[in-house]
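Each remark here refers to the structure printed beneath this line.
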Amino acid sequence: MKTFLKLLFILACKPIYSQSINEIKQLMHKQEIAWNNGNIDAFMNYYWHSDSLKFIGSKGITYGWQKTLNNYKKNYSNKALMGQLKFEIIDYNELNSQTIFIIGKWDLNRDKPVGGYFTLLWKKINTQWFIVVDHTS
């Protein structure tokens, strides 16, 4: 009986991710790979390609996929500036089967390392997950 209770306790404490969270974790890993290969266009594949996309950063709100892409390309114009990106998911909340809220940490390893935190709102649109709101600090 003690062994069964220990096993039950271990299983209860281990995080169990839904299929949706696992899908988003895989997409975020693909974003890391794209970024680390210097490919901002591929990194942006996981953002909603819409004028309604919202990116909130230190300079305020950027509306739209194209403007967000332009800002990334302006601020990270070469591989040295891009560095090596690493995401860490700290917490998440499945708001419903089509919407997930993620809180995480990002780090860029480069000559002058930088990092911060992010909140992402992922939405499933026509069977695909996209970031519809990104607040990065």
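Annotations for the structure displayed:
- Restricting segment 89-137 to residues that are among the charged types (D, E, K, R) and in contact (Cβ under 8 Å) with a residue 60 or more places away in the chain, the residue that is farthest from TRP35 (Cα to Cα): GLU94
- Qualifying residues in segment 70-94 (those that are over 23 Å from GLU23 (Cβ atoms) and in contact with a strand residue (DSSP E or B) (Cβ under 8 Å, 6 or more places away or on another chain)) - the one surrounded by the most Cβ atoms within 10 Å (Cβ to Cβ): MET82
- Scanning segment 95-124 for residues that are part of a strand (DSSP E or B), touching a Ser or Thr at 6+ places or on another chain (Cβ under 9 Å) and loosely packed, with under 14 Cβ neighbours inside 10 Å yields GLY116, TYR117.
- Of the residues in segment 68-81, at least one is in contact with a Ser or Thr (Cβ under 7 Å, 6 or more places away or on another chain) and not in a strand (DSSP E or B).
- Hits in segment 15-61 (condition: β-branched (Val, Ile, Thr) and either touching a residue at least 24 places away in the same chain (Cβ under 8 Å) or in contact with a His (Cβ under 7 Å, 6 or more places away or on another chain) (or both)): ILE21, ILE24, ILE40, ILE56
Every number here is computed from the coordinates shown, using simple stated rules; none is lab data. Just so we're clear, the structure is a prediction, and the values are computed from it rather than from any experiment. Backbone-built Cβ (ideal geometry, glycine too); neighbour counts: all protein chains shown.
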